[in-house]
Amino acid sequence: MKRLLFVIAGVVVLAVVFAAAPRKRALQKKVEDKRVYLVHSDNLHYDQYRNGDAQVLHGNVHFRHQGADLFCDSAHFYEQSNSFEAFGHVKMKQGDTLSLTSDYAYYDGNDQLAQARYNVVLRHRKSTLYTDSLDYDRMYNFGNFFEGGKLVDGKTTLTSDWGEYHTDTKQAMFYYDVRLKDQKLFLTTDTLFYDTKTSRAHIVGPSHITSGSSRIYSEDGYYNTKTEQSELFGRSVITDQGRTLIGDSVYHNASDGTNYAYNNVVYTDSVNKNMMTGDYCEYNDSTGYALATKRAVTIDFSQRDSLYMHADTFKIFTYNIRTDSVYRKILAYNKVRAYRKDVQAVCDSLVYNTLDSCMTMYKDPIVWNLGQQLFGEEIKVYMRDSTIDRAHVLRQAFSAEQMKDSVHYNQVSSKEMKAFFKKGEISETQAIDNVLLVYYPIDDADSTIIGLNYTETPLMKMFLENRKMKKIWMEKPTGTLYPMTQVPPGKHFLPQFAWFDYVRPLDKDDIFNWRPKKAGSELKEVKRREPPKNKRNHD
């Protein structure tokens, strides 16, 4: 009986031992092996006096450590400290995506740190990093170079004095004298982050970018080397052949030449001496198309006093760009208001064509010059060398001049009017067809009004000098000079008379305040008489 119990007890003990054995082996497998293994060397020896406790290895040396294979011509293997020095044709391979080559390297197996020196090349997928000094941390998957480095990613090359490259996230960080170059762009900065996975560079700090004829300055932004698109922030500046675009946010596409800017935007053309501002602007380098809206303003500073103009939207179209016959059309529409010290204007829409230097104002246009007001159905203003050359008022033309007493007005109405200028000052005016005139002659002796001159004529020409009438000529005029005490009722004003002083812009800030004409005072379009149809052609 005792013997039987002993046998049973032995069986139980053996069962427990064998049951526990796999668990013990499993625990042993979970223990991480940090040792550096020497796989092969043609020759191995010790030289305690020269190399201390190092194993001196020569010929086809091969180490293996935690998934990485390391090769070199010769090495000093410090087995106690789990490290080695590698000499000649040093190469580390980690899987199929990472390789590191150099002339010399020190590898610490405990920290998984490789210090590679001289002709260092780190290849990771499609990116290659060249440097002379690189510390590569296998534990955290990043390399740190500090004596100048070059990263080649496809057709993009980045260089800097110091930087890091992370193989797990594919992020690179470059510092000090950073230069990025690809087929169409060259960038210089002091700090740049680059994502090789997306080919996207993040600019940090003062940066200069050259893209074709464009020059870009930014202190915060992104650039994609594949799409050639830039996203720039913090009052970035784009300059292109005398044109400058500034905004809180600027987007530039080098592939098609488009630029977009948002908030506090300033677009300046120093060649033509004008600028646009607004909260949204866009410009295309290739086509010459530009747009401004949201508190949009154009400023012409070609003259001594700048001309400020506001509209809901401005558009610029360029024709025959980059040829000798290039010209532009500038469109302003919806609630156009303009101000300069000597001239103000309002209209619904406006077109300026540089081909004939003509600015055309549409739908209830009004122009003021000092005490004179001019309006009609359409007004054309022709420029020469950035100064006004002549003006043409078409259909229902009317001119009024407020006299010093602010009560009486010299007035002219006709089908059309023309005005000619010399050195920016009006020298001649013409009223053409169905001319009606109300004029108050002044006594030169005491500057009092002599009377009211009412005249009708098919054509009138007035010549001025220093803004004063020098001569007047009329074709077959008929009229009457009324003494002031005998002016018939209703003769003080022509039927078309209207004084729109309440609409007039007061200063450059008032151009944003739209004040329409009072209801019923808008010009009524006069329908043109059509020639009678030829019955013979319609039988």
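The values are calculated or read from the model by the stated rules, or taken from the named source; none is laboratory data. Predicted, not measured: the structure shown is a model, and the values here were computed from it. Every residue, glycine as well, gets a Cβ built from its backbone with ideal geometry; the counts of neighbours run over all protein chains shown. Heads up: the accessible areas ignore ligands, DNA and RNA and are worked out on the full protein's heavy atoms, side chains in. Shrake-Rupley method; radii C 1.70, N 1.55, O 1.52, S 1.80 Å.
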Give the residues of the range 105-124 that are over 17 Å from residue 89 (Cα atoms), touching a Ser or Thr at 6+ places or on another chain (Cβ under 8 Å) and in contact (Cβ under 8 Å) with a residue 40 or more places away in the chain, sorted by residue number. 109, 110, 124
Go through (1) among the small types (Gly, Ala, Ser); (2) closer than 27 Å to residue 484 by Cα; (3) open to solvent by less than 40 Å² (accessible area, probe 1.4 Å); (4) at pLDDT below 90 one by one and return the number of the condition residue 397 breaks. (4)
Restricting attention to the range 182-205, which residues are under 23 Å from residue 242 (Cβ atoms) and at pLDDT 90 or above? 186, 187, 188
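If I filter the range 127-144 for residues that are more than 21 Å from residue 96 (Cα to Cα), open to solvent by 40 Å² or more (accessible area, probe 1.4 Å) and assigned to a loop (DSSP other than H, G, I, E, B), do I get at least one hit? Spell out the reasoning first.
Of all residues in the range 127-144, those more than 21 Å from residue 96 (Cα to Cα) come to 131-133, 144.
After this cut, where a residue has to be open to solvent by 40 Å² or more (accessible area, probe 1.4 Å) as well, the list is 132.
Within this subset, residues satisfying the condition of being assigned to a loop (DSSP other than H, G, I, E, B) are none.
The answer is no, given that none of the residues of the range 127-144 is more than 21 Å from residue 96 (Cα to Cα), open to solvent by 40 Å² or more (accessible area, probe 1.4 Å) and assigned to a loop (DSSP other than H, G, I, E, B).
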Of the residues that make up the range 202-216, is at least one open to solvent by 20 Å² or more (accessible area, probe 1.4 Å) and touching a Gly at 6+ places or on another chain (Cβ under 7 Å)? no
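Mind checking which residues of the range 232-278 are assigned to a strand (DSSP E or B) and open to solvent by 60 Å² or more (accessible area, probe 1.4 Å)? Step through it out loud before you land on a result.
At the first step, the residues of the range 232-278 found to be assigned to a strand (DSSP E or B) are 232-240, 243-253, 258-269, 274-278.
235, 251, 260, 262, 263, 264, listed by residue number.
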Given the criteria under 30 Å from residue 155 (Cβ atoms), surrounded by 15 or more Cβ atoms within 10 Å (Cβ to Cβ), out of contact with any Lys or Arg (no Cβ under 8 Å at 6 or more places or on another chain) and of a type outside the set (D, E, K, R), does residue 61 qualify? no
Run residue 438 past the list (1) under 49 Å from the mean Cα position of the chain (by Cα); (2) open to solvent by less than 60 Å² (accessible area, probe 1.4 Å) and report the number of the one that doesn't hold. (1)
Count of the range 464-477 residues which are open to solvent by 70 Å² or more (accessible area, probe 1.4 Å), within 13 Å of residue 425 (Cα to Cα) and touching a strand residue (DSSP E or B) at 6+ places or on another chain (Cβ under 7 Å): 2
I'd like to check something: does the range 342-360 contain any residue that is touching a residue at least 60 places away in the same chain (Cβ under 8 Å) and in contact with a Pro (Cβ under 6 Å, 6 or more places away or on another chain)? yes
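Among 307, 331, 291, which is in contact with a Cys (Cβ under 8 Å, 6 or more places away or on another chain) and open to solvent by less than 50 Å² (accessible area, probe 1.4 Å)? Walk me through how you get there before you give the answer.
Numbers: 307 fails: in contact with a Cys (Cβ under 8 Å, 6 or more places away or on another chain); 331 fails: in contact with a Cys (Cβ under 8 Å, 6 or more places away or on another chain).
When all the criteria are applied, what remains is 291.
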